[in-house]
Amino acid sequence: MVLGTDRYFEPQDSTILDTKGEQLVAHLSLVEDKFTTSIQTKKHNFIGDEPESVGGDDFGPSPYDFLSAALASCTVMTLKMYAERKKWDLQEVYAYITYSKKHSDDLMLDLDEPKRIDHLQKRLKFVGDLDDTQKAKLKEIASKCPVHRTLLSETIIKTEVID
């Protein structure tokens, strides 16, 4: 007996989506799918989806999973480059990320108008012969990875409709 076969797609030929010169393209067929989205970069393709609890099929990570993955992967890559440059014995690094919405009162923020705020929890685990000073420096560097800095910066998103 094969368990869970209803969760798998039938084999299909891969369709490469044209990114039209952009970094990536996402495509969702509202006729055929609930939220299952094909995502294509110049060299890679993957699936995004929503969990069943919100009406998706859960065939892939959610948009916020991808956001967390971007932060986690950029963090560990940045720490690898830094540790190698310093010739530190960092053999492995783990970045555990949790995204949630939290109320400003729960975060003990003194705001004129209390509100819900996007919150990313980043926890790091280092494997290697590192002292406390090196670990503290790696923690500091983890906040300087490009995605971390982008998430904290003012961002402008320009949206246009194309044919």
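With the requirement that a residue be small (G, A, S) and either farther than 19 Å from Y99 by Cα or surrounded by 10 or more Cβ atoms within 10 Å (Cβ to Cβ) (or both), what does the range 140-163 give you? Of everything in the range 140-163, those that are small (G, A, S) and either farther than 19 Å from Y99 by Cα or surrounded by 10 or more Cβ atoms within 10 Å (Cβ to Cβ) (or both) turn out to be A142, S143.
Scoring D106 on the criteria (1) within 14 Å of the chain's Cα centre (by Cα); (2) surrounded by fewer than 14 Cβ atoms within 10 Å (Cβ to Cβ) leaves a single failure, condition (1).
Among the listed residues S68, S100, identify the single one that is surrounded by 12 or more Cβ atoms within 10 Å (Cβ to Cβ) and either touching a strand residue (DSSP E or B) at 6+ places or on another chain (Cβ under 9 Å) or touching a residue at least 60 places away in the same chain (Cβ under 8 Å) (or both). On inspection, the qualifying residue turns out to be S68. Restricting the range 81-97 to residues that are under 23 Å from Q23 (Cβ atoms) and in contact with a strand residue (DSSP E or B) (Cβ under 8 Å, 6 or more places away or on another chain), the residue that is surrounded by the most Cβ atoms within 10 Å (Cβ to Cβ) is A95. Residue pairs whose Cβ atoms lie under 8 Å apart, separated by 6 or more positions or on different chains, with the first residue in the range 105-116 and on the phi < 0 side of the Ramachandran plot and the second among the basic types (K, R) and in a strand (DSSP E or B), are R116/K101; R116/K102. The single condition among (1) loosely packed, with under 14 Cβ neighbours inside 10 Å; (2) over 30 Å from E22 (Cβ atoms); (3) among the charged types (D, E, K, R) that K137 does not satisfy is (1).
Laboratory data are not the source of any read-out in this text; all were calculated from the coordinates shown. All values derive from a computational prediction rather than experimental measurement. Using ideal geometry, Cβ is built from the backbone for each residue, glycine included, and neighbour counts are taken over all protein chains shown.
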